[in-house]
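J.: Sharing a structure with you now.
FYI, it's all coordinate maths here, none of it is from the lab. This is a predicted model, so every value here is computed, not measured. No Cβ is skipped: glycine too gets one built from the backbone with ideal geometry, and neighbour counts run over all protein chains shown.
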Amino acid sequence: MPRTVENETELYTVEWDDDLDAVLFTWEEFASGERFREGANDLLECFQDRDSSKMLVDTSGIRGHREEDTQ
């Protein structure tokens, strides 16, 4: 599946997948406030630039609580 990385940071990755004709967005870690808005805006910009009607968002790497808090 041919992918093009549109933007990659330590917080998230935005890619375009030619086979799916979709934007792929992966959160690498939890974000809030301005950092969350930055990622969301990058996703929206790629979605609009590609004139896409599909996106996949992977949040599997996000943890809502610290490991010590879940203990």
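J.: Would you mind checking which residues have amide H under 5 Å from residue 28's amide H? H placed 1.01 Å from N; only 5 or more apart, or other chain.
T.: 12, 13
J.: Out of 21, 49, 58, any idea which swings most in a Gaussian network model of the chain, alpha carbons joined below 10 Å?
T.: Comparing 21, 49, 58 in the GNM, the peak value goes to 49.
J.: With semi-axes √(5λ) of the Cα gyration tensor in Å as the read-out, I listed (i) 25, 13, 9; (ii) 59, 20, 6; (iii) 34, 13, 9; which label goes with the value calculated from this structure?
T.: (i)
J.: Could you give each residue of segment 23-34 its phi-based ³J(HN,Hα) in whole Hz, using Karplus coefficients 6.51, -1.76, 1.60 with θ = phi - 60°, and x for Gly or Pro?
T.: 8, 10, 10, 10, 7, 8, 7, 4, 9, 8, x, 4
J.: If exposed GluC sites (Glu not before Pro) are those in a DSSP loop with at most 13 other Cβ within 10 Å, what is the longest stretch of the chain that has none? Each step should come with its number before you reach the end.
T.: On the way: sites that count: 10, 29.
With GluC sites (Glu not before Pro) excluded where exposed in loops, the chain gives 30-71 as its longest stretch.
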